[in-house]
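Below is one structure, written out as structure tokens; comments come after it.
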Amino acid sequence: MFERFTDEARRVVVLAQEEARDLQAEKIEPVHLLLALTRDQGRGGDVLRAVGVDPDGGRAALLRSGDPLDADALAAVGIDLDQVRAAAEAAFGPGALERRAAERSGHIAFADGSKRALEEALRYVLQLKTPRRQRAIDSGAVLAGLLAVGDPLVERVLRRLGCDAESLRERLGGASAA
Amino acid sequence: MASPTDVTTAAAADDPDTGLRAIRALRELADRLEVLQVTAARDRGWSWQQIADALGVSKQAVHKKHATSRRDR
């Protein structure tokens, strides 16, 4: 499938893996694709920059939106994360709860949402009214695919940055845009 | 920060948005705790099979998830 990707789109995929590794994630999540797109120099990155989304802003928004140990969400089901953390640290030492599973050996797998984002990128390109031979998946298509999946964390990050999926879709254009 | 006594637990039952977000956070918390407990069990000489039995999963699953970073496979 990657043979249909432009070089810049492939670079987005590589950058997404870098982001996932930097953030010590288990898998490459849709939000890592978003962060990668903020570093893209092609159409995908252009659209994000046009609405004020940049790499630093993206990272900062993610840190504030998406701590996987979501204290508020846990509190909603009656779990006090502070207490759990204190108990874990008492038994296993400082930072116990921050330890992840096995160290990454290099290759990180794609989460299902990320795989679907790339499939949606292909679907987006196939809908465009361009000649068959020009239907390469560029970084704009990757962004379109990402938005099509509607990952909650991606949407939270975009909202925190003051933009929304709909206006991004309009800027990208395509068969389904107005 | 919210505390369990302040926040209504109605969210857990009525609102899928918050409820599913809570499930996701619980899974993440469970994963972190699993790393700590499996490591502790191995340090005490538990076999992968014993750990798998305690977790209610297959030995292969535990091995795949936890053995890759340890020398004592």
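Summary of values
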read-out: Some residue of the stretch A:61-69 being within 14 Å of chain B (Cβ to nearest Cβ) and over 17 Å from the mean Cα position of the chain (by Cα); value: yes
read-out: Test: residue in the stretch A:23-42 that is within 14 Å of chain B (Cβ to nearest Cβ), free of Cβ contacts under 8 Å to residues at least 60 places away in the same chain, exposed (fewer than 15 other Cβ atoms within 10 Å of the Cβ) and not charged (D, E, K, R); value: no
read-out: Checklist (1) modelled with pLDDT of 90 or more; (2) more than 9 Å from chain B (Cβ to nearest Cβ); (3) assigned to a helix (DSSP H, G or I) applied to residue A:84, failing item; value: (2)
read-out: Selection count where residues are open to solvent by less than 50 Å² (accessible area, probe 1.4 Å) and either modelled with pLDDT under 85 or outside any helix (DSSP H, G or I) (or both), scope the stretch B:23-58; value: 1
read-out: Enumeration of residues in the stretch A:39-75 that are outside any loop (DSSP other than H, G, I, E, B) and in contact with a Lys or Arg (Cβ under 8 Å, 6 or more places away or on another chain); value: A:45, A:47, A:50, A:55, A:61, A:64, A:65, A:73
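For (1) open to solvent by 10 Å² or more (accessible area, probe 1.4 Å); (2) farther than 15 Å from residue A:153 by Cα, each residue gets a yes or a no:
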{"residue": "A:44", "(1), (2)": "no, yes"}
{"residue": "A:50", "(1), (2)": "yes, yes"}
{"residue": "A:61", "(1), (2)": "no, no"}
{"residue": "A:64", "(1), (2)": "yes, no"}
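The values are calculated or read from the model by the stated rules, or taken from the named source; none is laboratory data. Every value quoted in this text rests on a predicted model; they were computed, and no experiment measured them. All Cβ positions, glycine included, derive from the backbone under ideal geometry; neighbour counts span all protein chains shown. All accessible areas refer to the heavy atoms of the entire protein, side chains included, with ligands and DNA or RNA removed. Shrake-Rupley method; radii C 1.70, N 1.55, O 1.52, S 1.80 Å.
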